[in-house]
Amino acid sequence: MQVRVEQIEEHLRHTLASVYLIAGDEPLQVMEAAAAVRKAATERGFSERDVFSVDAQFDWGVLYDAAGSLSLFSDKKMLDVRMPTCKAGQSGTKALQHYLDYIPSDKILLIQSGRLDKTCKNAAWVKKLEQVGVLVQVWDLSPAQTLAWVARRMREVGLQPDNDAVRYLTERVEGNLLAAVQEIGKLSLLFGNRPVTAQNIMSVVADNSRFSVFDLAEAILAQDARRLCHIMQVLQEEETATPLLVWALADLLRQLYDGCQLVSNNQSIQGLLMRMPKTRQGLFQNALRRMARADWQLLFHHAALLDQHSKGVGQDVSRHPQRLWDEMLAMALLLAGKPVMRV
């Protein structure tokens, strides 16, 4: 069966399965879900725990041994297996499949892995695990989900933040929930159960946001100028390679152009949509509507100049690094249909 990560506590209050697979790339949610399973197992008498870190030299024989070691006098034990990716290899797949066919009653198997890709989801051992155990898939939070998550965690520790405080803290730590927990703990020590404003947080919280060029594209499509500017600021502070950012802007421009051409010719854009995350598809379709009358010649001219300037060639190339970042921000705001902002 599948259980959502936010449901794991409720699930464990009622039952404890023999096998759990917790998969995802968001480390805090994976860690907390695994900790909840370990706690529930300990409370039910599984007091011992063996931790196994899987690498290229890992001996999967431990699972064969565990599956065949059932004894009336054996201690209840948890097998805590940490896999960096969902791919177990040929020997790992066979060992996992064997274990799932002969699950011992005195063991709990907890597997933590990276995100399940399409290949892993279709793997025989994963399908078998869903039948006999519990699969928890952890997804990255959207901006709106992160905002709600931060608000809930702040109130759980007794803080009384206003809306501006929640938004400000979310912007500082978006994409890095581990940092969010640390900052919330710090705020709890400093302010206790007193009201907290954005001004209070500004004085004590560092900017721990963690973004990629793909987050920038999503902010452009959403026309969220404030978030767009913040992402650009963080990417600049992290010294992100400017050619990569220029590529991301040009790639988004080409997608929007291709989409608008298809729409104007009454052709399907399904092929374009299938190549992007589902969370972005609606934003992309909205962007096509507002870009229907865009000045494509001007936009591609801007993109060409950015490409030249990021490589230090072309006319009017500024030797001041900030000039290129200002130009990239202007291009991003232009694609978002927003006026240039000074931040």
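The values are calculated or read from the model by the stated rules, or taken from the named source; none is laboratory data. If you're wondering where the values come from, they're calculated on a predicted model, not measured in any experiment. With ideal geometry, Cβ positions are generated from the backbone for all residues, glycine too; neighbour counts draw on all protein chains shown. Note: accessible area is taken over every heavy atom of the protein model, side chains too, but ligands, DNA and RNA are not part of it. Shrake-Rupley method; radii C 1.70, N 1.55, O 1.52, S 1.80 Å.
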In the range 18-45, how many residues are open to solvent by 20 Å² or more (accessible area, probe 1.4 Å) and under 21 Å from residue 132 (Cβ atoms)? 4
Given (1) open to solvent by 50 Å² or more (accessible area, probe 1.4 Å); (2) more than 24 Å from residue 156 (Cα to Cα), identify the lone condition not met by residue 202. (2)
Read through the list (1) loosely packed, with under 13 Cβ neighbours inside 10 Å; (2) closer than 23 Å to residue 16 by Cβ, then give the number of the only condition that residue 96 fails. (1)
State whether the residues of the range 62-73 include one that is β-branched (Val, Ile, Thr) and either open to solvent by 80 Å² or more (accessible area, probe 1.4 Å) or under 26 Å from residue 12 (Cβ atoms) (or both). yes
Since residue 240 meets every condition but one in (1) in a helix (DSSP H, G or I); (2) farther than 21 Å from residue 290 by Cβ; (3) out of contact with any helix residue (DSSP H, G or I) (no Cβ under 7 Å at 6 or more places or on another chain); (4) open to solvent by less than 70 Å² (accessible area, probe 1.4 Å), which condition does it not meet? (1)
Listed by first then second residue, the pairs whose first member lies in the range 182-197 and is closer than 10 Å to residue 161 by Cα, whose partner is outside any helix (DSSP H, G or I) and open to solvent by 90 Å² or more (accessible area, probe 1.4 Å), with beta carbons under 7 Å and at least 6 positions apart or on separate chains, are 193/160; 194/160; 195/160; 196/160
Could you list, in sequence order, all residues of the range 260-312 that are open to solvent by less than 60 Å² (accessible area, probe 1.4 Å), in a helix (DSSP H, G or I) and without any contact (Cβ under 8 Å) to a residue 12 or more places away in the chain? 262, 271, 281, 282, 304
Could you pull out every one of the helices (runs of 4 or more DSSP H) wholly within the range 59-169 that has 2 or more residues that are out of contact with any helix residue (DSSP H, G or I) (no Cβ under 9 Å at 6 or more places or on another chain)? 89-101, 118-121, 143-156
Based on what the data block shows, is residue 334 touching a helix residue (DSSP H, G or I) at 6+ places or on another chain (Cβ under 6 Å), hydrophobic (A, V, I, L, M, F, W, C), assigned to a helix (DSSP H, G or I) and modelled with pLDDT of 85 or more? no
